[in-house]
Amino acid sequence: MLMIDKQSAVISCIVICGSALLTRFTVSLHPYSGFGVAPHYGDYEAQRHWMEVTVHLPASEWYVDSKSNNLSYWGLDYPPLSGYQSWLFGQAIHSIEPDAVALHFSHGYESPHSKFLMRLTVIASDILVFFPAVLLCLRVFGGGKTVQEKQWWLLVVLLQPAALLIDHGHFQYNTISLGFAAGAAGVIAAGHHCWGSMLFCLSLNHKQMSMYYAPAFFAHLLGKCLQKPSMTQQVLGVAKLGLVVVATFAVCWAPFLATPGGALQMLNRLVPVKRGLYEDYVANFWCVTSPMFKWRRVYTQQALVTMCAGASLLAALPSMIHQILSPSPRGLLMGMANSALAFFLFSYQVHEKSILLALLPVTLLAFDQPVVAAWLPVWAAFSMYPLLKKDGLHIAYLACLLLWLAVAAPPSSLRSGQQSAVQTGHAYTQSTGSRRLCPRVAARFTGVSGQQLLHYASLLSLLPAASIHVGQCFVQPPARLMHLYDAAYVSLSFAHIFAIAVYLNISQWSLSSSFVSQTHSKRS
């Protein structure tokens, strides 16, 4: 009987992963960023151009402005691992369709065959990096869960609409860095701190936005080191992790460290200070409040950078303190979510896509926070609608949201706050510790559990979102308020994302020490 259950679980996992891949392929049939919009096109052209540059130029010239590499035309502005990824996929495309990545002569190249190949590289990234990391996390964090709960969790993580629309619609490779970050969380939760540190460094070296997670990983690993019995062991633990970080960065940066000034040239490309406080319409504090207070007029750029850094770290500080004092696998995921939300809401030069960094740990927390895991992705996709509409992805947006609403409703066992049987030997076990924010009050005054109350609130909150969509279809804004709907999208999204950030911070501090990992973590 047990063998049949295991076979059934494996088959369901294969079916869900296959369905997730089919969904990605379907989304990829829609338009992408900058489709046919000369002369600069969009993110699709940026990724294609980076393949062109990395295939034909040595690594030492990838970040250097030259006749062969005009940095004003989509110059590479991501860390080395993105460059290596561009080189790898560029070599594959070059071997099949050389004209697609021909140096100087392929700008704006959009043949049907090359577009198909480009889309395949994003799907390949999911298969090679993101899916294995997700399955690892399911194994680590899914101890004691029923097959139905595990199936739902896998659907939530793999079919999260914002990631589907950005990577397979708009066109980016976010799931590579997100996959490394998820793998790092899973490996660290299993007790392998050095391997986890290496994976997180790989995430940082693919996209610098993974720095949003740095406070959480730093605090958790420091807390783990401080739990060692002696001062000597604590210092050695920190030193060992530091050595792993330095060694990983040294390997990733080797071609640039070997070139005089190479590392500095790369760093200049990675810090987008000159781009401004934010781009377009993004659901964070600075953008939403800018109509009432003109931040960019009142403060200098340097002052804004300092203000944003201080506000972001201050917002992430409570979560960091919690993990230094009481590190736990669940606390690590909550710390990642809270840190990412802090940076999304308050940091400098935030993109609409940056919300993906908060969505990853929130969906990984679906066993413990099922309603939030189903709720936040809707608001993330909603907040990006102005960008998606500009890309011609409104149909894909609607389809992905409808699919999400069909699969994301939590199982009754999770929504009602019931516990699955706990298995020992797993890094993560189900508890009601992080659900103490409102269950007592809810039960006393409404007769429903906290998760049920959140579920009803999340459904009601969709009404104003739907109203804005309907209004945009039938009511034209005044000429002097042409961006009224864009502002409405990000303002309403900001209110919900901020509320979720507050809720998750309080939930992290309500974690009960009695439900921390049932086994001692393996020494890294």
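The values are calculated or read from the model by the stated rules, or taken from the named source; none is laboratory data. Note that this is a predicted model, so its numbers are computed, not measured. Methodologically, a virtual Cβ is constructed for each residue, glycine included, from the backbone with ideal geometry; neighbour enumeration extends over all protein chains shown. Note: areas computed on protein heavy atoms with side chains; ligands, DNA, RNA excluded. Shrake-Rupley method; radii C 1.70, N 1.55, O 1.52, S 1.80 Å.
By a straight-distance test (C-alpha under 20 Å), which aspartates and glutamates pair with LYS150 as possible cross-link partners, with residues fewer than eight away in the same chain excluded? Partners within reach: ASP5, ASP126, ASP368.
Here is what passes the span test in the chain: the DSSP H helices with alpha carbon length of 27 Å or more along the helix axis and a Kyte-Doolittle mean of 0.5 or above are 2-27, 231-257, 301-325, 450-474, 484-509.
Please list log₁₀ I(q)/I(0) at q = 0.14, 0.16 Å⁻¹ for segment 191-327, using the Debye equation with identical point scatterers on the alpha-carbon positions. Ignoring solvent entirely, the Cα scatterers give -0.87, -1.02. When all protein chains stay in place and ligands, DNA and RNA are ignored, the 1.4 Å accessible-area order of THR289, THR26, largest first, is THR26, THR289. Taking every protein chain into account, the 1.4 Å probe leaves THR363 with about 0 Å² of accessible area, to the nearest ten. Relative contact order for the chain: what is it in percent, counting Cα pairs under 8 Å that are at least 6 residues apart? Dividing the mean separation by the residue count of the chain yields 19 percent. Here the simple spin-label model places points 7 Å from the Cα toward Cβ, and for VAL407 and ALA499 these points are separated by 2.7 nm.
Shape analysis of segment 216-271 places it in the prolate category; the axes a ≥ b ≥ c from the Cα gyration tensor give an a/c of at least 1.5, with a/b above b/c.
For the pair HIS113 and TRP195, the difference between a 0.36 nm per residue extended length and the Cα-Cα distance amounts to 25.6 nm. Ignoring lysines fewer than eight residues from LYS240 along the same chain, the ones with Cα atoms less than 29 angstrom from its Cα are LYS207, LYS224, LYS228, LYS522. Considering only PRO464, PHE498, ALA162, the residue lying farthest towards the positive end of the dipole of the chain is PHE498, judged by Cα position with unit charges set on Cβ.
Rounded, prolate or oblate for segment 72-136? Axes are the square roots of the Cα gyration tensor eigenvalues, ordered a ≥ b ≥ c, and the cut-off for rounded is a/c under 1.5. It comes out oblate by the Cα gyration axes. Think of it as helices only: each DSSP H run of n ≥ 4 in the chain is worth -39500 (n - 2.57), and spread over all residues that comes to -20500 deg cm²/dmol at 222 nm. The label point for ILE321 and the one for TYR456, both projected 7 Å from the Cα toward the Cβ, are 3.4 nm apart. Values (i) 66, 64, 52; (ii) 66, 59, 47; (iii) 66, 64, 57 are given for comparison; Cα extents along the principal axes in Å, derived from the coordinates here, is the one labelled (iii). If you take the alpha carbon atoms of segment 281-389 and fit the smallest convex hull around them, that volume is 102 Å³ per residue. Once the Cβ-Cβ distance of THR300 and GLN7 is raised to the sixth power relative to R0 = 60 Å, the FRET efficiency obtained is 0.40.
Measuring nothing but alpha carbons in segment 4-71 and taking Rh as the Kirkwood radius, the Rg to Rh ratio lands at 1.29.
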